[in-house]
1. Examine region 101-117 for a residue that is closer than 21 Å to Val192 by Cβ, part of a loop (DSSP other than H, G, I, E, B) and in contact with a helix residue (DSSP H, G or I) (Cβ under 7 Å, 6 or more places away or on another chain), and state whether such a residue exists.
2. Of Ala195, Ala241, which residue is surrounded by 19 or more Cβ atoms within 10 Å (Cβ to Cβ), at pLDDT below 95 and not aromatic (Phe, Trp, Tyr)?
3. Scan region 122-140 residue by residue and report those that are among the charged types (D, E, K, R) and closer than 18 Å to Asp63 by Cβ.
4. Are any residues in region 99-127 without any contact (Cβ under 8 Å) to a residue 24 or more places away in the chain and under 26 Å from Asp10 (Cβ atoms), and if so, which ones?
5. Scan region 179-202 residue by residue and report those that are part of a helix (DSSP H, G or I), touching a residue at least 12 places away in the same chain (Cβ under 8 Å) and in contact with a Phe, Trp or Tyr (Cβ under 7 Å, 6 or more places away or on another chain).
6. Within region 26-64, restricting attention to residues that are of a type in the set (Gly, Ala, Ser) and outside any helix (DSSP H, G or I), which residue is farthest from the chain's Cα centre (by Cα)?
7. Being within 23 Å of Lys38 (Cβ to Cβ), open to solvent by 20 Å² or more (accessible area, probe 1.4 Å), more than 15 Å from the chain's Cα centre (by Cα) and among the hydroxyl-bearing types (Ser, Thr, Tyr) narrows it down to one residue among Thr236, Thr167, Thr208, Thr212; which is it?
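The values are calculated or read from the model by the stated rules, or taken from the named source; none is laboratory data. Computed from a predicted structure; not experimentally measured. Using ideal geometry, Cβ is built from the backbone for each residue, glycine included, and neighbour counts are taken over all protein chains shown. Remember, those area values only see protein heavy atoms, side chains included, never the ligands or the DNA or RNA. Shrake-Rupley method; radii C 1.70, N 1.55, O 1.52, S 1.80 Å.
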Amino acid sequence: MVTPHAPSLDKALSEMNRWSTTYYPPITQMPAGLQEAKLSFYLLFRGIDEIEDHPRIPAPVKDQLLTGVACALQTRNIGGRLDAVFAPHRDALPEVSLRLADWCALAPPFIAPRVVDAAIAMSDRMAVWSRGNWRIRDVDDFDHYAFSVAGVVATLLCDMWAWHDGTQVDRTAMMSYARGCQAANILADLAVDRARGVDFLPEGWSITDLRTYTLAELELADVMIAALPDPSPAHTWCSRAMEVAWAQVHKAGPAPTAEGAQS
């Protein structure tokens with residue numbers, strides 16, 4: 001059995017800083033234990049996301065890789081199984097993906113299985129979307145995709161905060177946080193995604209419709225965040241994410257008028 005080897009905290013933070021100028025500052029502000037848990041989750045999810053978004057790997061291969069990752073994470077031989085999954089594509093994948101086993105080992109033992117379980121769910125769901133070539137037909141599909149990508153993160157964060165300091169979050173409202181942040185990200189990346197042949201807008205939707213959806217969810221999320229203890233790790237994390245989401249919405253253009261929004 002190949003045992004995952006946890007990198008040092010400094011090396012994990014350095015890797016985190018390579019991938020996210022958004023979440024690196026709040027990660028560095030997290031208390032011990034929660035910091036390692038959030039590093040583990042972020043780097044795991046980033047590694048999986050880099051497989052899903054890889055510009056040169058075809059969708060059927062992404063499906064195989066993501067399914068293989070989900071299966072590997074359910075074994076005691078995570079490192080060995082992942083090495084086998086990645087072997088044919090090692091040259092194409094970034095280090096953050098190749099080191100998923102190391103990121104698993106970062107989280108404190110009590111919360112680690114929950115982090116890995118969320119990564120399994122993420123990888124499985126991304127495999128399903130790769131299989132369907134990311135076709136989003138209607139708003140239900142859009143909700144489905146947003147939950148697949150961001151809802152799993154939101155529920156994991158709730159469990160982390162409850163584990164760390166007992167903070168209880170309105171989990172229904174956290175779904176608005178997840179949908180809003182993901183929709184804002186889609187809005188910001190619309191041109192880039194379309195250039196690589198992927199369109200996350202439901203059929204018949206305009207950018208105005210996407211912005212309307214995003215605004216409605218972010219406004220509900222703002223109410224939830226205002227109710228969080230301040231200061232607290234939960235408030236610090238969510239506030240930073242919402243700053244980014246609102247900035248993405250404002251950069252994409254003015255809020256829609258009632259006449260311009262599609263019912």
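1. No, that holds for no residue.
2. Only one candidate passes the filter, namely Ala241.
3. Asp124, Arg125, Arg131, Arg135
4. Residues satisfying the conditions are Pro109, Pro113.
5. Ala183, Ile186
6. Step by step, filter region 26-64, then rank; the result is Ala32.
7. That would be Thr236, the only listed residue that is within 23 Å of Lys38 (Cβ to Cβ), open to solvent by 20 Å² or more (accessible area, probe 1.4 Å), more than 15 Å from the chain's Cα centre (by Cα) and among the hydroxyl-bearing types (Ser, Thr, Tyr).
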